[in-house]
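To keep things clear, I will list the structure first and then write my remarks on it.
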Amino acid sequence: MSGKNICIIGAGIGGLTAGALLTKKGYNVKIFERELLIGGRALSFNMSDLTLEEYKSILTRFNMNIPFSVPDLDIIFNKKMFDGYKLDLGYHTIGGGSTSKIGEVLSVLGKNVDFFNSHIGFIDGNRVSTRFLSWFDRVMILPKILRLLFASERIMTQLDTVSMTETIKKYGQGKMKLILEIFSRSITTVNNLDRISTGEMFRAQKNLYKRSRPVGYPRGGLSNITQQLAEYIIENGGEIHLGKPINKIIIKNNKATGVFIDDEEHNFDVIISDILVKDFFKLTNESDFPKEYVKNLKSLTGTSSLCAFYSLKKINSLFIGKTFHFIERNIGVDGNDAVGMIDMMTAMKDSGLTSNSDHIIQSYIICSPDETKNKEILEKLKKLLDKNLETLIPDFHEQLNWAIYPLVWHLDGVAKTIDNLKPEIKTPIQNLYLVGDCVKAPGIGITCAVTSAVQLVSII
């Protein structure tokens, strides 16, 4: 046993992964989470257990609200239309599914989560394809894909400051152009191709192209993953304290020595933060850090999206278990075009998200943080989500039980773009580290958070 005492601030997917892996290494791990639920944004809950006020409160604390619902949200709760349903906080799929980074970590821990895995389809106006790439497409772009798969990290690094706009102008032809336009946006949750880093996008696509079914979703919702991680931590001597916010990180002589909890000092050998970096200086004094470090962290921006959960009585069985991309051209958003996805893995009968015979569909369309404040744009995006679902299910209005449209003002940690230089896992302060989708680590969203935790363990 190492004997080192480790404090992890936040029980998000990054904090829980770090906690589980460090517990496995023999460290004494204590996780402190301000919420009464584990998971951070990788959160799912039984809607039957929540009141309208509780649901709204949770959404607000995670920078979200419900601008649209059918019927009104208060009617849905009053008539108990959510009873039997389990919903995630917002839209999530996991790149690689069962063969993803989180799948690897769970395997190392001796834990198992059953994933649905899906091919990617495409909605093109009124036409639907259950395979984004036909066999002919694969043959035509295979040489380009192979160059991508075997590109060295040195080349990827050179492409980090090259925008996708530039890359598409040089290399984007035919279906390859569509791939670069759509996947770069959906991977980063950013519509503006001028901001998207070619290097980062290629790293993410490299992992996706290695798998025949590039996206996955855990049976029973995201909480199935976080629960497995939490169980491992507790079973192996670690501690998770819910409803226990950290008041302050104690830094003395450029070294993190402990934290304040309920105004009481607790000493630790290592402190790991899994909170949004935009909130990092609420727990620390800016004067303890180099000015450039403070300036960079405070300049980082997140991403946003309008999501939708639809409950339907019937669905065309041809589409159940599949995931579809769509792109809406020239709609006047940042980047001009907007990309979204409609996921029907959650519509499978054994998804574990509904106790009755109905189906759940989750979807989203990308927008910018500024656009979340524009009612006209939001109404347009809602109509586009409905329009693309209607392409798949022409009678979806007749089959609809209810629909809610969660709006995320600040999604995950930090947008992985050219103008956002994510901080390193190791901070300038000794014994103080960062994990989550806010730091410099391969992958996007959940994958970035998990990978950062894996790298953290090797650093410590």
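Here, each number is a calculation from the coordinates, and none is a lab measurement. In this text, all values refer to a predicted model and were calculated from it rather than measured experimentally. Every residue, glycine among them, receives a Cβ derived from its backbone with ideal geometry; neighbour counts consider all protein chains shown.
Summary of packing: across the peptides 442-448, 257-263, the per-residue average of other C-beta atoms within 10 Å ranks them, highest first, as 442-448, 257-263. Using the Cβ-Cβ distance between ARG329 and GLU264 with R0 set to 51 Å, the FRET efficiency works out to roughly 0.35.
For the range 17-73, applying the loop criterion from DSSP together with a ceiling of 16 other beta carbons within 10 Å to the trypsin sites (Lys or Arg not before Pro) yields LYS25, ARG34. In the chain, Cα pairs under 8 Å separated by at least six residues give a relative contact order of 24 percent.
For q = 0.11 Å⁻¹, what log10 I(q)/I(0) does the range 22-110 give under the Debye formula with an equal point scatterer on each alpha carbon and no solvent? The Cα Debye sum returns log10 ratios of -0.47. Length gained on full extension, HIS241 to GLN173: 19.2 nm, using 0.36 nm per residue less the C-alpha separation. Estimated at 0.36 nm per residue, the fully extended path between LYS252 and THR130 surpasses their Cα-Cα distance by 38.1 nm. So what's the net charge close to GLY39: Lys and Arg +1, Asp and Glu -1, counting the other residues with Cβ under 12 Å from its Cβ? Taking every other residue near GLY39 into account, the sum is -3. In straight-distance terms, cross-link reach from LYS170 covers every one of the lysines whose alpha-carbon lies under 29 Å from its own, apart from those fewer than eight places away in the same chain; here that gives LYS144, LYS206, LYS210, LYS416, LYS422, LYS440.
Assuming R0 = 56 Å, can you tell me the calculated FRET efficiency for the pair LYS80 and PHE281, based on Cβ-Cβ distance, to the nearest 0.05? Between LYS80 and PHE281 the formula returns 0.85. Annotation: amide H-H contacts under 5 Å for ILE425 (H modelled 1.01 Å from N, sequence separation of 5 or more, or interchain): LYS440.
Approximating the spin labels as points 7 Å out from Cα along Cα→Cβ, the HIS397-to-GLU292 distance works out to 5.8 nm. Take every DSSP beta bridge whose two residues both sit in the chain; close to 70 percent of them are antiparallel. In this simple spin-label approximation, ASP160 and VAL108 carry label points 7 Å from Cα along the Cα→Cβ vector, and these lie 2.3 nm apart. With q set to 0.19, 0.30, 0.32 Å⁻¹, the log10 of I(q)/I(0) for the range 246-290, from the Debye formula over equal scatterers at the Cα positions, is -0.57, -1.29, -1.35.
Under 5 Å between amide hydrogens, built in the peptide plane, is the criterion, and for GLY90 it picks out LEU43 among residues at least 5 positions away or on other chains. Proximity of backbone amide H atoms, modeled 1.01 Å from N, is registered between GLY258 and ILE250, PHE268 at under 5 Å, excluding neighbours fewer than 5 places apart on the same chain.
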